[in-house]
Every structure is written in C-alpha cells, then in structure tokens.
Amino acid sequence: MARPSHSCGCTHRGAQGWFETDPDQEKNWPAYEAAIRNLAKLRVERYQEQKSANPIELLRQRAEDLAAASTALKQLADAEEPLFNSLDDAQKQLLLRTPATPVSDVKG
C-alpha cells in the first residue's frame, strides 16, 4: 500500500501521513476531504457571523447554520461511507481514533 499523496491542506489529525491506502481506497479520499473542507468552512463562516450584536439576528443565523451543518454532515457521511467500507480493520480503527481536524487553508 502506498501513502496518500493528497495535499488538501487538511489533516485527519495526522492520519493522512500514517494511512496506507491502495488505489481503490485512494479514489475515495477527494470526496472525503471536500466534505471535511466544507464543514470547516461552515465553522469559519459561523464564527464570523456571530460578531453581530443583535440577539434576534443571531438566533435566526444560528437556525440557518444548523440547517447548513445538517446538510454538511450528511455529505460527510455520504463521502466517508465508501472510504470506510474500503478500509481494512486496522485502517478503520485508525480512522475512528483520529477525528477530523478543520482544514488549515480555509480563510474567512
């Protein structure tokens, strides 16, 4: 198995450096990384929007943020499923033990 060559600007808490994937598993990484990027982007946007001093507007914005987070989490599950199903037991354990870290190159 070869080390992933992806440079998405994100880490899976270092798992990318340890993960040894085969070519079939490699094809599942781009969708997974895109879903992680999307969640991180939503976090940055939510933080920036919370600077508003209007509590009513903050409540409305939070409701919109929750709906967007719901969609993003479903996309992550859809992207992670084929990757997870293609991994061997040791790789699955590694993935489960290393929660995703927000991407470092998402700027707000």
Flagged in region 64-102 as of a type in the set (Gly, Ala, Ser) and at pLDDT below 90, in numbering order, are Ala90, Ala100
Mind checking which pairs have a first residue in region 28-39 that is within 16 Å of Ala69 (Cβ to Cβ) and a second that is small (Gly, Ala, Ser), Cβ under 6 Å, 6 or more apart or different chains? Ala35/Ala79; Ile36/Ala100; Asn38/Ala72; Leu39/Ala72
Restricting to region 44-96, and then to whatever is touching a helix residue (DSSP H, G or I) at 6+ places or on another chain (Cβ under 9 Å) and in contact (Cβ under 8 Å) with a residue 60 or more places away in the chain, can you tell me which residue is nearest to Asn28 (Cα to Cα)? Ser86
When region 6-29 is examined, which residues are found to be part of a loop (DSSP other than H, G, I, E, B), surrounded by fewer than 15 Cβ atoms within 10 Å (Cβ to Cβ) and modelled with pLDDT under 85? Ser7, Gly9, Arg13, Gly14, Glu20, Asp22
Does region 44-73 hold any residues that are under 24 Å from Phe84 (Cα atoms) and surrounded by fewer than 17 Cβ atoms within 10 Å (Cβ to Cβ), and which are they? Ala68, Ala69, Ser70, Thr71, Leu73
Evaluate region 30-47: report whether one residue or more is part of a loop (DSSP other than H, G, I, E, B) and at pLDDT 70 or above. no
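The values are calculated or read from the model by the stated rules, or taken from the named source; none is laboratory data. The model shown is predicted, which means the values in this text are computed figures rather than measured ones. Cβ sites come from the backbone with ideal geometry, for glycine too, and all protein chains shown count toward neighbours.
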